[in-house]
Amino acid sequence: MIKPRLIARLVAIGYGDDEADAVVSPLAMDEAGAKVALREGLASIGYAPTETEECLEDVPALTQEDIDYARGLMEAYDPATTALTKTWHGDTRMVVFPKMDTSNVKSISQAWGDCSNLRYIPLLDTSGVTYMLHPFLGDGGTAKSARLRRVPQFDYSSLTSCNGVMCSFLPELEIVPPVDFPKLAALRNIFANDYKLTTIPPLSYTDEVTYLGGMFMGCSSLSYLPVTDFGNATWMGSMYQGVAVLADAMDLGSVTLRGSAPMVALGGLFQQARVSQMPVMDFNDVNNFSYMFAWSPQTPRVIPDLSAWKSVSSLTWTLCSYDVQSLERIEGLDFSSVTDTTHFLRAVASPRYWPNLRFIRILNLGKGSCATYDFSYARYWGKDTPDHPDARKSLVDTLLTDSYDRAAAGLPPATIRLHSTVRNRLTAEELAAITAKGFSLS
């Protein structure tokens with residue numbers, strides 16, 4: 001007689017007969033009673049049966065006290081609320097969130113920031129929300145973010161501005177349904193710091209999107225590039241920063257990154273990421289190539305010929321990588337517009353230089369406004385080997401044949417820093433000719 005009563009209790013809160021039987025039948029009757037009571041408790045805070053089962057799967061240690069606490073949050077909430085601004089920020093007692101009436105909410109800003117014990121959130125009405133600021137990221141950073149394993153399919157149909165959404169900065173997130181942004185022009189940090197995500201859900205947005213910065217930043221378990229056609233976007237800064245750190249290095253040789261905008265910024269695109277081979281880069285022009293592989297645990301063997309980009313102004317920290325062993329060739333860069341090369345080619349790991357980098361080809365060195373170009377970490381630049389028989393030619397071409405004649409243009413001398421072994425590969429005649437073009441070698 002106990003089992004039929006338990007099934008009836010589940011049917012009363014929305015379960016079908018077969019669903020209720022499937023819940024009760026595998027359990028001993030004393031255990032079944034407690035499990036049914038938990039389901040009734042979750043129903044009392046608005047959960048549908050599907051949400052209840054997801055919650056119990058994701059929070060196996062859920063207690064009635066956790067549900068009672070959530071009910072208190074629901075009872076204290078005013079459905080007329082239009083802005084959730086740090087509303088529950090820092091609430092570490094919260095384990096599950098109740099299903100409230102959020103139909104009047106227009107903005108969500110750090111509402112659940114630093115709720116480090118939050119394990120499940122049901123589908124809330126976000127159809128009227130126009131602005132979001134990293135709902136789950138608080139003052140304590142991702143380390144104190146909610147521990148959600150999944151999120152439901154939130155409605156972003158009214159969203160026009162965001163920096164992070166309801167699937168951002170969630171370090172234990174694994175399950176995300178399709179995401180659609182019909183009105184956003186800037187997709188900032190959409191999946192940022194979702195460390196455990198291995199697959200990105202179907203993602204849709206309009207052709208009006210111009211900003212994709214930080215979109216997959218920190219997705220350290222991701223081993224592929226979910227978005228390769230950037231459309232009209234002009235800013236892809238840090239888009240894939242930190243990707244594949246916990247996965248195998250990405251061989252992107254068969255991948256093409258493309259965009260139709262006249263000019264794009266790629267600063268930090270693969271910063272801290274693990275990349276063994278670069279993709280084909282099909283862009284009209286690029287103005288920012290800084291931090292491209294800064295602090296990366298693995299860099300490509302070859303940087304392809306990118307000398308068609310004439311507008312690159314910043315190469316700050318571009319190849320300041322922890323991996324100093326892999327890089328062998330830089331096939332082509334144009335320095336015509338370069339204004340900053342700070343730590344462009346710095347080796348920050350032992351042996352504090354690039355032992356295998358032989359070939360560096362640069363066009364128009366000295367034409368930009370830089371006063372100093374530092375190649376001192378490239379000790380083996382210009383050393384011919386069977387694999388790199390053109391290494392010395394790249395040295396002479398960069399410093400002499402293809403460099404800009406600053407003296408003829410009336411510009412002050414620019415300094416080129418070379419390791420002594422590299423300088424010794426140049427003849428006296430070549431050194432004199434380089435100096436005559438307005439360069440000082442040190």
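The values are calculated or read from the model by the stated rules, or taken from the named source; none is laboratory data. Just so we're clear, the structure is a prediction, and the values are computed from it rather than from any experiment. Methodologically, a virtual Cβ is constructed for each residue, glycine included, from the backbone with ideal geometry; neighbour enumeration extends over all protein chains shown.
The residues of region 190-203 that are closer than 17 Å to Val245 by Cβ and not aromatic (Phe, Trp, Tyr), listed by number, are Ala192, Asn193, Asp194, Lys196, Leu197, Thr198, Thr199, Ile200. Could you tell me whether any residue of region 352-363 is closer than 20 Å to Gln241 by Cα, in a loop (DSSP other than H, G, I, E, B), touching a residue at least 24 places away in the same chain (Cβ under 8 Å) and of a type in the set (Phe, Trp, Tyr)? No, every residue in region 352-363 fails to be closer than 20 Å to Gln241 by Cα, in a loop (DSSP other than H, G, I, E, B), touching a residue at least 24 places away in the same chain (Cβ under 8 Å) and of a type in the set (Phe, Trp, Tyr).
Taken as a whole, the structure leaves Pro60 outside the set of residues that are part of a loop (DSSP other than H, G, I, E, B) and either surrounded by 15 or more Cβ atoms within 10 Å (Cβ to Cβ) or in contact with a Lys or Arg (Cβ under 8 Å, 6 or more places away or on another chain) (or both).
Of all the numbered requirements in (1) more than 23 Å from Glu174 (Cα to Cα); (2) touching a Leu at 6+ places or on another chain (Cβ under 8 Å); (3) in contact (Cβ under 8 Å) with a residue 40 or more places away in the chain, Asp139 misses one, and that requirement is (2). Across region 398-434, what is the total count of residues that are touching a residue at least 12 places away in the same chain (Cβ under 8 Å), over 18 Å from Leu345 (Cβ atoms) and either of a type in the set (Ser, Thr, Tyr) or outside the structural domain of Ser337 (by TED's automatic domain parsing) (or both)? Total satisfying the criteria: 1. Being in contact with a strand residue (DSSP E or B) (Cβ under 9 Å, 6 or more places away or on another chain), within 30 Å of Ala80 (Cβ to Cβ) and among the aliphatic types (A, V, I, L, M) is true of Leu184. Taking region 371-382 as the range and being in a loop (DSSP other than H, G, I, E, B) and in contact with a Leu (Cβ under 9 Å, 6 or more places away or on another chain) as the test, the residues that pass are Phe375, Ser376, Tyr377, Ala378, Arg379, Tyr380, Trp381, Gly382. Of all the residues in region 383-406, those that are over 14 Å from Asp334 (Cα atoms) and in a loop (DSSP other than H, G, I, E, B) number 8.
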